[in-house]
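Encoded as structure tokens, the structure appears first; notes follow it.
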Amino acid sequence: MRELVVTTQPSGSPASDRTRGARRWRSLGCAVAIAGCAPYICLKIAWICGSGVGIPADSWLLDPAHVTTMRLVNAGTVLMDAAVIVLALLFTRPWGRRTPAWLPVLPAWFATGLLAPVMLGFLAQSLFGSGTSRPAGEPEFLEDWVFLVVYTGFVVQGLALSGLFVSYARTRWSHLWRGPTGGAHAVHRAEPATKPALRVTAVAAALLAVLPLCAHLVWATGSTVGLSPHLAESRDGGLYTNALVDAVLLASAMTGTLLLAFPPRPYGTRVRIPLALPLALTWVGSAALVCWGGWTSVTALNGDGPASSTSALMSLTYAVQMSVGVCVSTIGAHFLAERAALRSREAG
């Protein structure tokens, strides 16, 4: 009879030490992510319960006509931030690696899309200042300390969750992004049948991106062209820095997509671009374009409060931006699906 030999790593071996160290770091990252959610969730629950902490007495948020709407919105955002806690646990617990692929990927993609622009915008405003000045007589929206506490929590969440997701993805799917760009299919292999469609979609997304990219670059320079009267009067520096962030994310998404659709030939001694780079640009860029383009469009349709007022050009810009994000995410998803199918055929 053939003996079954089970090999185990000695408890004091370098490999086991690295495993324990990785587990400790993941546990720490999970704790940090959960702690980053606490300020936002606590504030939102307080507001749902009727507290006015952090809200000036003359803020439109306390208007009785908006109480029910704001409670529903706050309840929804509490659930969204609570999902970050679930994701942090999924990325660190053993059961998380047994889940279907879509279960961690979709929430992680949405979390990336919501947190990445916030993190970059907060950093930009910290470096350059918001320069916000309200029109005369307009009440304050929220007290300044609320923004500082909440956005600091978002940055902590984003950093911790990013580290956890990268570690999780490296363990589960690192085989999908190994090698240089253009190395997804070696020279002797036939190109996938969907390659022409991928390239057409990439070109269409690049053409669509021209409108929002130009609009955001114009607004990032401080111009009020195309802004609503309220935003043009307030000259909100936060809007200008956010426009710069949107332009950077648009450029990142299109750079990643075009590198996937038209990869440089890995010949000669030229520098090879790791495949992980365009995939990361596509992931972050598409998620941000879809999530914030959609969020801005929804708030514009809601129309509660003066700060939510948008012009026709702004609404069109964010709608097209969301469409670009959908195209880019579709390209990335098909690219990874083809890579996974190729790896399966090679393994089989």
For segment 150-176, enumerate the residues that are more than 30 Å from R345 (Cβ to Cβ) and either surrounded by fewer than 16 Cβ atoms within 10 Å (Cβ to Cβ) or among the acidic types (D, E) (or both).
T152
Answer yes if at least one residue in segment 164-175 is over 30 Å from G238 (Cβ atoms), at pLDDT 90 or above and aliphatic (A, V, I, L, M), and no otherwise.
yes
Scan of segment 257-294 for residues that are aliphatic (A, V, I, L, M) and either at pLDDT below 85 or outside any helix (DSSP H, G or I) (or both), ordered by number:
V271, I273, L275
Conditions (1) open to solvent by 50 Å² or more (accessible area, probe 1.4 Å); (2) of a type in the set (G, A, S); (3) at pLDDT below 85; number of the one not met by A35
(3)
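Yes/no per residue for (1) of a type outside the set (K, R); (2) part of a helix (DSSP H, G or I); (3) closer than 29 Å to M322 by Cβ; (4) open to solvent by less than 50 Å² (accessible area, probe 1.4 Å):
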site: R26; (1), (2), (3), (4): no, yes, no, yes
site: Y40; (1), (2), (3), (4): yes, yes, yes, yes
site: G54; (1), (2), (3), (4): yes, no, no, yes
site: L90; (1), (2), (3), (4): yes, yes, yes, yes
site: L103; (1), (2), (3), (4): yes, yes, yes, no
site: P117; (1), (2), (3), (4): yes, yes, yes, yes
Count - residues of segment 308-347 that are in contact (Cβ under 8 Å) with a residue 60 or more places away in the chain, of a type in the set (G, A, S) and in a helix (DSSP H, G or I):
5
Some residue of segment 91-103 being modelled with pLDDT of 90 or more and among the β-branched types (V, I, T):
yes
If L342 satisfies all but one of (1) out of contact with any helix residue (DSSP H, G or I) (no Cβ under 9 Å at 6 or more places or on another chain); (2) modelled with pLDDT of 95 or more, what's the number of the condition it fails?
(2)
Those residues of segment 56-78 that are open to solvent by 30 Å² or more (accessible area, probe 1.4 Å) and either of a type in the set (S, T, N, Q) or not in a helix (DSSP H, G or I) (or both) come to a total of 5
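The values are calculated or read from the model by the stated rules, or taken from the named source; none is laboratory data. Here the structure is a predicted model, which means the values were calculated and not measured. Note that we place each Cβ from the backbone using ideal geometry, even for glycine, and neighbour counts take in every protein chain shown. What goes into the accessible areas is simple: the full protein's heavy atoms, side chains included, and nothing from ligands, DNA or RNA. Shrake-Rupley method; radii C 1.70, N 1.55, O 1.52, S 1.80 Å.
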